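Step one of this worksheet: look at the structure below.
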Amino acid sequence: MKVKIQKPSYKRLKTKNSTASDPSAVLQTERDFKDAVLTVSVFVNLFILCVWVALQTTSQYDTALAQFFLDR
């Protein structure tokens, strides 16, 4: 019994000459920018939270921590 193996058909994708006018590229770039801003914002807020927790949990190093993190 012979088994016929089909070769995959590779269809050529239609592309435009100019990608600047492609609205999906603009939307993806906008989304990537928003994601980057959100990521940076989350890390800044986590840093501020860590400083606040460090200042709240210890009274021995309050002055040193405040000067190191806030006076710069």
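The numbers here are math on the coordinates, done by the rules we state, and not lab data. None of the values given here were measured: they were computed from a predicted structure.
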key: Extended-chain gain in nm, criterion 0.36 nm per residue less alpha-carbon gap, PHE47 and ALA25   = 4.6 nm
remark   = One quarter of the C-alpha convex hull surface, i.e. the mean projected area of region 30-70 in nm², amounts to 3.0
ask   = For PHE69 and THR39 in one chain, what is 0.36 nm times their gap in residues minus the Cα-Cα distance, to one decimal in nm?
value = 8.7 nm
